[in-house]
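Values quoted throughout were computed directly from the atomic coordinates according to the rules given, and no laboratory measurement underlies them. Computed from a predicted structure; not experimentally measured. Cβ placement follows ideal geometry from the backbone for every residue including glycine, while neighbour counts extend to all protein chains displayed.
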Ligand code: GDG
């Protein structure tokens, strides 16, 4: 059988993420197998991996699963095992109950526990070791997301020959918030092990650079950060010398110089496989399904849609509040408007998520109790995950798409809706706190905290003339078609392959 050791130095392109892009399933005969799983990151990287014939390192999603490396749908997958305790401390704890709320502007209070941090360090070390093992001399490793922020530095210490990229899928908070983190300096240093650190928005990259200046005092200029090189690193012939330059020492006497590595911290807004969504949307069976969905809802004049992981960052409660008030005000009537809310199950073992679910379901139940009729539901609430085909049918069935996140790195749902609407119809209501808002300028952009403003936007969407809907949607579609996921990964990997500015020194030794 294939062991990780048998793959030593095998791959010149390696992606590292917390989760592998597959779910373990058991078929009718009890045989275990894998299926490609849904989700933001998977959606984004699957096409890239296939093309590069690279390897993907990550956790399978089950406890104590020490599966051997295997191939699935043409991608080499290299599992990293997590114990039940590590899932609790590193994943549910530090990743999802410390970093997630902190990086989303403390919408929920982050919990700080030293045992969680210790587990985070230990698990990051395991991922770094695995990447160090399987990556070829001079290869490229692309580390994904907030669960693995220490991996770049850990990897660089072992393998200075590698080119290392990191992409943060979630926001990076302002320093006033970030500075709460008891391990703020360690995390910053961990990330600075990368050559290129990608963020969703320009503001995220700026927040990171500021944290670097405040905590470490390194010089930054635009998107370039000068990171001092240790003597050991400078003496290593293996060092990726192209990123090393001589820089004047701030505050020292004239002429004083030191060796620095240049690290780029910059926005690379993630996207989707737009053509694939359009292709699905054009399928007659999916269009028929969209029609069937509307019929099933009682053929209301207007269908509104929300699609989110059930997460407190997504602003589902704010959306329901605005919708409920419009029903109460008599501005909306269940006879001709229905809200479909898909809330896919997420992080169900974390207490904050259990409380959120209770809260949302209480609100939905109340609103339906108050306003639904025998023939028409106010809210069709679905706590399920669906196949992608069904998602596209929902997008086609929806006259108005509501994305009201309180904080969101990007929000791919907004882009998927746009990509699916080849009919140039439909209105996107989009929170300015989602990264997508930087790009999707002709959406109806809202501040979801402003319930009055959100209600007005919903009414504006409902009464918007066809010509305006079409004009706005065309502009949105143009953007999403041009800046698709292929463009995202290409621009990141191009930046990674291009040494940043500076006086390049001849190779040491
Ligand atoms: C993180 C960041 C950033 C959802 N329910 C179902 C389903 N989905 C798919 C959607 C979309 C993806 O999951 C969700 O992506 P989002 O971007 O909306 O949000 P997060 O999951 O929070 O993702 C986010 C993203 O990473 C990428 O960088 O944009 O800001 O938080 O693709 O369609 N897919 C299927 N069934 C479902 O029930 N098939």
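To the nearest 0.05, how large is the calculated FRET efficiency for residue 267 and residue 137 if R₀ is 30 Å and r is the Cβ-Cβ distance? Working from the Cβ atoms, E equals 0.45. The angle between the Cα long axis of helix 451-463 and the main principal axis of the chain comes to about 60°, on a 0 to 90 degree scale.
Between region 41-115 and region 358-376, the C-alpha centres lie 35 angstrom from each other. With semi-axes defined as the square roots of five times the eigenvalues of the C-alpha gyration tensor, the equivalent ellipsoid of region 367-441 measures 24, 16, 13 Å, largest first. Counting beta carbons within 10 Å around each of 90, 175 and listing the fewest first gives the order 175, 90. Scaling against 2.2 N^0.38 Å puts the C-alpha radius of gyration of region 398-509 at 1.41. Taking label positions 7 Å along the Cα-Cβ direction at both residue 451 and residue 372, the computed distance is 2.2 nm, reported to one decimal. Just check region 1-127 against the gyration tensor rule for me: Cα atoms, a ≥ b ≥ c as the square roots of the eigenvalues, rounded for a/c under 1.5, and otherwise prolate or oblate depending on whether a/b exceeds b/c. It comes out prolate by the Cα gyration axes. The ratio of the alpha-carbon radius of gyration of region 282-436 to the globular-protein estimate 2.2 N^0.38 Å is 1.00.
The ranking of 154, 355, 464, 410 from fewest to most other beta carbons within 10 Å of each one's beta carbon is 355, 464, 154, 410.
Helix 114-134: angle to the longest alpha-carbon principal axis of the chain, degrees 0 to 90, nearest 10? Once rounded, the angle reads 70 degrees. Relative to the dominant Cα principal axis of the chain, helix 388-397 is inclined by about 50°.
Each listed q (0.12 Å⁻¹) maps to a log10 I(q)/I(0) for the chain from the Debye sum over equal C-alpha point scatterers, namely -1.13. Across the chain, C-alpha contacts under 8 Å between residues 6 or more apart give a mean separation that, scaled by the residue count, equals a relative contact order of 14 percent. Given R0 = 25 Å, the distance between the Cβ atoms of residue 460 and residue 279 translates into a calculated FRET efficiency of 0.20. Ordering 308, 359 by the number of other Cβ atoms within 10 Å of each residue's own Cβ, fewest first, gives 359, 308. Restricting attention to the chain, close to 30% of DSSP beta bridges with both partner residues there are antiparallel. In terms of overall dimensions, the C-alpha atoms belonging to region 64-196 reach 40, 32, 26 Å along their principal axes, ordered largest to smallest. For region 351-391, the extents of the C-alpha atoms along the principal axes are 31, 29, 9 Å, listed from largest to smallest.
Over region 317-406, one equal point on each Cα, no solvent: what is log10 I(q)/I(0) by the Debye formula at q = 0.19, 0.22 Å⁻¹? Debye curve over Cα of region 317-406, log10 I(q)/I(0) at q = 0.19, 0.22 Å⁻¹: -1.00, -1.26.
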